[in-house]
Structures are given as C-alpha cells and as structure tokens.
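Beneath this line is the structure, given in structure tokens, with notes to follow.
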C-alpha cells in the first residue's frame, strides 16, 4: 500500500511540472486554441523530453515507464491545459505496440515524429466522428465489429469549432484491419479513461488554486472575499471531491498496470467521478470569481470549457453510467429474459 | 502508487469475514432496535480475539496491529451491518488513557476496556456548546485532594450502558478558553450523576448527563490540570485514525439493489430496468469507491506514522454527505412502501432503508459537523483564513 506518489513518481512529476509551467502558460493555450487546439512547438518540446514515448517499451525507443507514471504526467498536463494530445497519443501508441508488427511506426510515435490517436466513438460507414486529436493525428486507430483498424493519412489540420477548443475532427478511416483483439481495444479505452481522470484532477485542483489565490486579492465589503465562509465551504467541498478523484484516478491506473480484476470498473468509475468533480470545481471557481471569471481575459473560462469538453469526446456521460450499470447488474434485456 | 494490501492483511480480512459470518446474527442486529447500538456478545467475542486492543499502539501496551488491519476491520464490520459506535469509542478512550493517563488508569481501567468487560463514552458536548467544544463550562473545582464537578453534558450516547465517561471540564474560567480545560475519566456509578435518555428521530437513543456535586479522586484526572486541549487533540487523532464511519452506504445499496431487482411496479416493470434507477445505483457505488480510497489513504498515512488531519475531515465529510444522499435516493425509489418501518411485517428487509434514512442526518452532524470539516479543509488544505 502506497497511496502517495513514490520517489520516482515525484521525480517524473517534478520534471513535467517544470516543463509545462514554462512551456504551456495560458498564452500558449490561448494561441493554440485560435490555431485549432494544437501547439506544434509544445509537441516538439515534449518530444525532446521523451514525453510521447515515455510509456512505450525501450525496444521501440520508448522510456519503459508505467501507466502509473503516465498518470502522474497526465495530472500535470491537465493542470496546464497543455494543447497537445498526449493522452490520446500515448494510449494509441501503447495499443499499437501491444498488437505488434508495427515497430517502425511505433518508433516514429515514440519520438513524436508521428502523432497517433484513437477514434473513441464507433465507426459508421467508415467514418469516425469527433475523433480526439483527429485534426492533427496522422495515425488513427478505430474499432469496428471485426476488430481494430489502422488508418495512416494526412490529418485535415482544421478542427471542428468546439466548446473546449480541442483539435476534434471527423475522419474517414481506411478499412485496414490489424487486429481482432477486442479486449486490447477495451483495455486501451480504459487507459484513456484513467489518464483523462488524472488530467481532470490536475485541472480541478488548479482551478481551485486559482480561485483561492484570487480570493486573497479581491476585496469586497472591505475585506478579502476569501474570508467569507460561503466561499470557503464551496472550495472545501470542491477540494474534497478532487482529492477523492485523485485517489481514484491513480488507483485505476495502478489497477490497469497490474491487471487487477476490477481494473476496468475502476477506470470507468474514476473518469465519471473525476469529470464531475472537476466540473463542480470549475463551476465554483467561476462563481467565486464573479463577472471576471466569465470574461475571456481570465483563465477560469479556459478550464471551465475544457472540463466540460473532455469527457464528451466519449459521448453522453449517461451512456457511461449505463455501461457501468450493465456490467454491475446485467443488461436490462437480460433481466427480462430471466 | 500501489493499492494492494500485504498478504497478512488480506488474510486478516478473510478472518474477519469468517468471524462475522459465524458470530453476527440477524437476531443480534434486530436487538439494536431497542435503541442501543451495541451488541455485547459480539463485543466480547472480538475482545477475546484481541481485536479491541489491536489498533492501540504496541508502544503504549496495545495490540499494535497495523492501521491497514484496523481499516479492514472497520470496513468488514460496516459491510456486515455490525454496530461499531460503542466499540470505537471504548477503544479510543483506552488509547487516550494509555497516552495521557496515570498508573491507576492505565493499570486498572485500560485492561478492562480492552478485554471487553467495560465500556466508555464521550462527554464533550454541552447543552450550549457543540461545535465550539472548547467553550465547555462544566466546572471542576479543587476539593481537598480531589475534585468537585458540576454541570451537564449532551449527546453522551451509550452512557446508559457505559461504565465510564471521558469528561471535558472547565478548571479555569479566567484564561483563554483552550487553556482552562481538564479531562477526567468519571465512573458513571459515582453519586451525583443522573442519566436522562434523549430519544431521537431515528431508532437510536442518546443521553443527557447531569453532574451535581460529583466528588472525584485526583486519580481519575486524565492529563495535566488545564492541559485538556492536548488530550482533546489526541482524542481527535484517534477518532480519525481508529473510528470507522467510512462505509455506511454499502448495506443501503445492497438493500436498494434487492428492491430494484425483486419489486414490480404498477406498470409491470422492475425498478432495475429504469435508467434513472440504474444511474443512481452506479453513482452510489462510485461514491463507495471514493470512500474506500479515502479510508485506505488515511490507513496508509497512519501506517507510515504520518499525522493526518485534513484527510480525516475529507473522509468523514464525503462519506456522511454521500450516505445521506444515497438514503434519500433509494428511499424515494421505493415510494410509499419505503415509508414502512421495521415494526411492519411488510417492510422490505426489515425496513433497512427506512431505518438508514432516519439515521443518516445525524452522521453529518456528530463527530464534527460537515461545516466544521469544511472549515478544516479550507484552512488546513487550502490555506484560507480562519473565518469564524
């Protein structure tokens, strides 16, 4: 039992925290948003650090890090709203490495020369809609009835204008079946869930931190607004939920890494809880920033919009609850048949 | 991170499960409907296994079992619907006495608390002071070699079956409130003590206790004269480290799932087929995993010898607030049938959800209200200024 980061995890956290703090300030986030939600400079900087391949095997140029390490990075990445699709890329590249037979491509992914993603939503007539990082990824993995398809094509560059300023795009995927391993696909999507949960924790904690800083400076009725219990109670609730989400996100990553029997369940749980907690935190922080929180000038709105957007890339959260319910209680039709 | 338990802790979990399967009966749980949330037979059987002494540090003469085993014991007992209140308080009082008590208390009282033959209760709150407990005004005055105690305490739950009350008193009214407090362990059969029941809206009863010229030998003093606040800090430390309360929801969720799968609505469908019911059940299961994360985190910190404060507050805040929500959601789901109490033969599973619904409001109040815990988080975790 080790419910705090290990020395190694703290070292990873430290290195990436410094990188993102320096290279992904909100000016970069805003600039990237105007350019379609992606910063090539930031991606290249991340590649120079070994970020894109950190959790790939050393044999293909990766860093041999675990999913737990990746979750530590996802947390920092979320805190800075880094406009690079690190989570999608890492998960897709790991899936391709697991499938095997694409070592040359995986080497390209490990060094960041190629950018990979996963079409999280089912394909309809060969079209994957709302592909995360679909605007910029030249490698897209998709899931069809027969298994996993691999598409390598020029990304469109232009993103669909969207709430979160994300590089979303629809993509037509080549019918290039590379695996019939549905379990591997599910595992990869669960990795996406756990890592996105960790990113949500970074986001939610940071938006509370920003709000608490603001509450020290903002004077109303002659005193800093942070002295008001109404704000304190709201931030304390939000913070409690974020800490609960933090423990869940990293427990899910650990469970997936070590192949625990409840790993998939925990990944689904972690994402739903972390997303809701982060959305609550951004709501509180925006509310306690008053009108300024709503203005474009302040960063809270950047966090608010991304907190809303990230989980919706997977679809309506109700469907995620329904998916977990089916796993827990059996599908509804099954109940009727019984 | 690593969320696995060591093999000996996993073995202990199995031992506890086997023990509860054998020693905890439905009749025992049914008997708590008289309002006393304590099962003497179960308590003694646990004491016989050394489990009461388990969480008390070995350096102090306790069992020195790992905090990881304590959290497992608490978790399994709550999952099995075994009341943990009297046991928790008694063990905490023993730990406090071992840390602050004199030879009389550690040699004559503690062994009886840990072998299951005596029970203790808390005497902190008063009619006029609850959350602001340091303002307690129950008076203890020097009286020759001993003390004379006068005052009243509220919420001395279990006092009617307990042997001792851990009493917070004011020994100096002329200094700042935290500096004039002294603790005593008071035998409840001492002349001058009156115990009156305080019925509640739930099944459980509490008590008000009154102290009228209660004479006490100095041997019953716990810690230094005017040193009560440091004893209080120890009490809170153990309350967060030993006491349970992180898993009130699972028995309610079990009952809700049973209802959802077996009940037929007027339109012929089962609640479990309703997407809104399914989402509520999943949300409750998610909340339980959050509680599990918090509980294991606190146990891990205690195991590493880290003093924690805000983590305990977050755990208690989240567990009790979510429990209250679950009770409401699932009571609603049952409609009018959910209103039936355990006295009705038609009540689902002995009226378990109804009973929890009525019990749940107190959980966000006792042992530190949600508001006080949020203050602790705001000040201790977020560094916000003191606001009261």
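Contact order normalised by length for chain B, with contacts defined as Cα pairs under 8 Å and 6 or more residues apart; what percent is it?
Relative contact order for chain B comes out at 14 percent.
Give the angle, between 0 and 90 degrees and rounded to the nearest 10, that separates the Cα long axis of helix B:85-100 from the longest principal axis of the Cα atoms of chain B.
With both axes taken from Cα atoms, the answer is about 30 degrees.
Could you give the semi-axes, largest first, of the ellipsoid that matches the protein assembly as shown, computed as the square roots of 5 times the alpha carbon gyration tensor eigenvalues and rounded to whole Å?
51, 29, 24
Using the per-residue mean of other Cβ atoms lying within 10 Å as a proxy for protection, in what order, highest first, do the peptides A:239-245, B:97-103, B:272-278, A:162-168 fall?
Ranked from most to least packed, the peptides come out as A:239-245, A:162-168, B:97-103, B:272-278.
Once you've got the GNM for chain A with C-alpha springs shorter than 10 Å, pick whichever of A:118, A:154, A:54 has the biggest mean-square fluctuation.
Judging by the Gaussian network model, the answer is A:154.
Pairs of alpha-carbon atoms within less than 8 angstrom and 6+ residues apart define the contacts here; what relative contact order does the range A:185-331 have, in percent?
30 percent
Rg and Dmax in Å for chain A, alpha carbons only: what are they?
19.9, 67
Give me the Kirkwood hydrodynamic radius of the range B:253-305 in Å, from all C-alpha pairs, to one decimal place?
It works out to 13.0 Å.
How tilted is helix B:7-23 with respect to the longest principal axis of chain B? Cα atoms for both, answer in degrees (0 to 90, nearest 10).
80 degrees
Quick one: work out Rg over Rh on the C-alpha atoms of the range B:245-381, Rh as Kirkwood radius.
So for the range B:245-381, dividing Rg by the Kirkwood Rh gives 1.06.
Taking every residue in B:374-383, how many Cβ atoms of other protein chains lie within 10 Å of its Cβ, on average?
6
How big is the antiparallel share of DSSP beta bridges in the range B:87-179, given as a percent to the nearest 5?
Expressed as a percentage, antiparallel bridges in the range B:87-179 total about 50.
Expressed as a rounded percentage, what relative contact order does the range B:225-324 have, with Cα pairs under 8 Å and six or more residues apart?
Relative contact order for the range B:225-324 comes out at 37 percent.
Calculate the length of the line joining the C-alpha centroid of the range A:1-41 to that of the range A:117-196, in whole Å.
Centre-to-centre distance over Cα atoms comes out at 24 Å.
If all Cα-Cα distances of the range B:93-156 are sorted into 5 Å bins from 0 onward, what percent lands in each bin, rounded to whole numbers?
Answer for the range B:93-156: a P(r) of 4, 16, 17, 17, 23, 18, 6, 0 percent.
Angle, helix B:250-262 long axis vs. longest principal axis of chain B, Cα atoms, 0 to 90°, nearest 10?
It works out to around 20 degrees.
Just the Cα atoms of chain B, one point each, no solvent: what log10 I(q)/I(0) does Debye give at q = 0.06, 0.11, 0.12 Å⁻¹?
One equal scatterer on each Cα of chain B leads to -0.24, -0.82, -0.97.
Kindly provide log₁₀ I(q)/I(0) values, in the same order as q = 0.10, 0.15, 0.20, 0.24 Å⁻¹, from the Debye equation applied to equal alpha-carbon scatterers of the range B:7-119.
The Debye formula, applied to the Cα set alone, gives -0.29, -0.64, -1.07, -1.39.
Ranked from highest to lowest mean number of other Cβ atoms within 10 Å per residue, what is the order of the peptides B:18-28, A:268-278, A:197-207, B:216-226?
On the way: B:18-28: 13.5, A:268-278: 27.4, A:197-207: 29.0, B:216-226: 18.4.
Listed from highest to lowest mean packing, they are A:197-207, A:268-278, B:216-226, B:18-28.
In whole Å, what is the distance between the alpha-carbon centres of the range B:337-373 and the range B:182-205?
Each part's Cα centre sits 23 Å from the other's.
Rounded, prolate or oblate: which fits the range B:121-232, taking a ≥ b ≥ c as square roots of the Cα gyration tensor eigenvalues, rounded meaning a/c under 1.5, else prolate when a/b beats b/c?
Note, shape of the range B:121-232 comes out oblate.
Over the protein assembly as shown, what is the percentage of antiparallel beta bridges among all DSSP beta bridges, to the nearest 5?
On the way: 42 of 50 bridges.
Looking only at bridges with both residues in the protein assembly as shown, the antiparallel portion is about 85 percent.
Rounded to whole Å and sorted largest first, list the principal axis extents of the Cα atoms in the range A:104-163.
The Cα atoms of the range A:104-163 stretch 32, 31, 17 Å along the principal axes, largest first.
Is the shape of the range A:185-331 best called rounded, prolate or oblate, per the rule: a/c under 1.5 gives rounded, else a/b larger than b/c gives prolate, else oblate, with a ≥ b ≥ c the square roots of the Cα gyration tensor eigenvalues?
prolate
Laboratory data are not the source of any read-out in this text; all were calculated from the coordinates shown. Quantities reported herein were computed from a predicted structural model and do not represent experimental measurements. Note that we place each Cβ from the backbone using ideal geometry, even for glycine, and neighbour counts take in every protein chain shown.
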